[in-house]
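So the structure is just underneath, and the comments pick up after that.
The values are calculated or read from the model by the stated rules, or taken from the named source; none is laboratory data. All values reported here derive from a predicted model rather than from experimental measurement. Glycine gets a Cβ as well: all are built from the backbone with ideal geometry, and neighbour counts include every protein chain shown. Note: areas computed on protein heavy atoms with side chains; ligands, DNA, RNA excluded. Shrake-Rupley method; radii C 1.70, N 1.55, O 1.52, S 1.80 Å.
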Amino acid sequence: MNEKPSKFAGIKEIARALDVSIGTVDRALHARSGVSRSTRDRVLKMAQKLNYRPNVAARNLKLNHRLRVGVFLPEQIALFYDLVREGIRAACATESGIGVDLVFHSYPHLGEGTSQALEQADWPQFDGIIIAPGNSAELGPIFSKLEGQRKPVIFVTTDAARLPRLASITTDETVSGGIAADLLGRAIFSPAKVATITGDLRIQGHAEKLRGFAASLATLSPHLSLLPAIEAHESPIDAYNSAEDLIEKHPDLGGLYISTANSLPVLQAMERNGYLGKVVVITTDLFPELVPFIENGQVFASLYQRPFSQGKTAFEMLIRFLTTRVAPKQITKLVPHIVLRSNLSLFIDLIYTEDSNSLSI
């Protein structure tokens, strides 16, 4: 089989190299139905290897059509989602030869108001959409419309596998939960109770973190017992009250994993009740207000989800598809970064400069 790249490799060359039909290659490259995920991945890898280039239609699109991209992200938690927005803006600013209008819309929080935001924004006007999806059941009807009009949609910060989308970009949530459990098991030596405060468990990302946490805890740290998960729904008030209630019911709590960026209210409640520093705490993400808690050891570690990189990658995926019609890899998971007191200085510059390249993996 000759797989030597040619200067102008096309669909025929990819089909010949993989010994599949031209139709299969076409469907895989353009994210159409009728192709398995494994076949699609093989086609995309071969397209990259053979230096595939689409026809002149893509060039004409670049020259003659100004693209309009709708971005739909939650208002809460702003500490996290503002960095996603900055990543999208930064990626857009580096595009040359392509006119792109970025239109940002927001809704209250992940899992609330997403469909209404899409409808109010008149979503058919957009060439492509970047969105943090919430509850799949609630979004099903409007995403059927998006699919019907073949609107390319990129999911960012969490996936929703039951909804049609071109691709998703997240951190590996299952791995994040597993890392949190591993860290707690290494920091707590005696039998103890541990708890999790999360968001809405109907959202795939939150559920995957909890599954990863529970599985790793049972496997790696059987001396720790897991209490029922607490859903704070990204609400600062709910997070604060949930933390106070948790401490009151379980004064012997040994460890806590806060699996969303909604950690400050929890830490404030623990500090007010004299438990901060007594309980081993793992948080999620990093922002200036969290830095002192890590510096003084009140937070043992934080798992940074790389929001800037997620936004940047989502925009790059979407623009490449809109200009070449070559589908990206359907699921992309970034490696989460473990932030400890010992390496905190590396990340402080990152959160202030929002430069994702300095710690890219």
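Quick check: from the Cα gyration tensor, does the range 229-271 come out rounded (a/c under 1.5), prolate or oblate?
prolate
In percent, what relative contact order does the range 134-249 have, based on Cα pairs under 8 Å that are 6 or more apart in sequence?
Once divided by the residue count of the range 134-249, the mean separation gives 25 percent.
With a 1.4 Å probe and every protein chain kept in, tell me what percent of the accessible surface of the range 208-272 is carbon plus sulfur.
Solvent-exposed carbon and sulfur of the range 208-272 make up 53 percent of the total.
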### Task
Could you point to the residue in 275, 36, 314 farthest towards the positive end of the chain's charge dipole, with +1 and -1 charges on the Cβ of Lys/Arg and Asp/Glu respectively?
36
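So for the range 114-161, Kirkwood radius off the Cα pairs, Stokes-Einstein at 4 °C and 1.567 mPa s: how many µm² s⁻¹?
Reported coefficient: 118 µm²/s.
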### Summary
Between residue 26 and residue 273, the two model label points (7 Å from Cα along the beta-carbon direction) sit apart by a distance in nm of 6.3
### Task
Over the range 195-337, give the accessible area per residue in Å² for a 1.4 Å probe, as an integer.
37
#### Entry: Inter-probe distance in nm under a simple model that places probes 7 Å from Cα toward Cβ, at residue 162 and residue 104
3.1
### Query
Between residue 333 and residue 211, what length in nm is gained on full extension when 0.36 nm per residue of separation is reduced by their alpha carbon distance?
42.3 nm
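Is the range 229-305 rounded, prolate or oblate when judged by the Cα gyration tensor, a ≥ b ≥ c being the square roots of its eigenvalues, rounded requiring a/c under 1.5 and prolate requiring a/b larger than b/c? Please report the intermediate quantities before stating the final value.
Details: a/c = 1.63, a/b = 1.18, b/c = 1.38.
Oblate, since a/c reaches 1.5 and b/c is not below a/b.
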### Query
Going by a ≥ b ≥ c, the root eigenvalues of the Cα gyration tensor, does the range 165-249 fall in the rounded group (a/c under 1.5), the prolate group (a/b larger than b/c) or the oblate group?
oblate
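How large is the dipole of the chain about the Cα centre if only Lys and Arg carry +1 and Asp and Glu carry -1, each at its Cβ, rounded to the nearest 20 debye? It would help to have the intermediate numbers written out before the result.
Values: 38 positive and 37 negative charges, 446 e Å.
Dipole magnitude for the chain comes out near 2140 debye.
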### Message
For Rg and Dmax of the Cα atoms in Å, pick the label among (1) 20.6, 61; (2) 25.4, 92; (3) 22.2, 69 that corresponds to the value derived from the coordinates.
### Response
(3)
#### Entry: Helical mean residue ellipticity (222 nm; -39500 (n - 2.57) per DSSP H run of 4+; nearest 500) of the chain
-14000 deg cm²/dmol
#### Entry: Relative contact order of the chain, defined on C-alpha pairs under 8 angstrom at six or more residues apart (%)
18
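If Lys and Arg each add +1 and Asp and Glu each add -1, what is the summed charge of the other residues whose beta carbon sits under 14 Å from the beta carbon of residue 215?
It works out to a net charge of -2.
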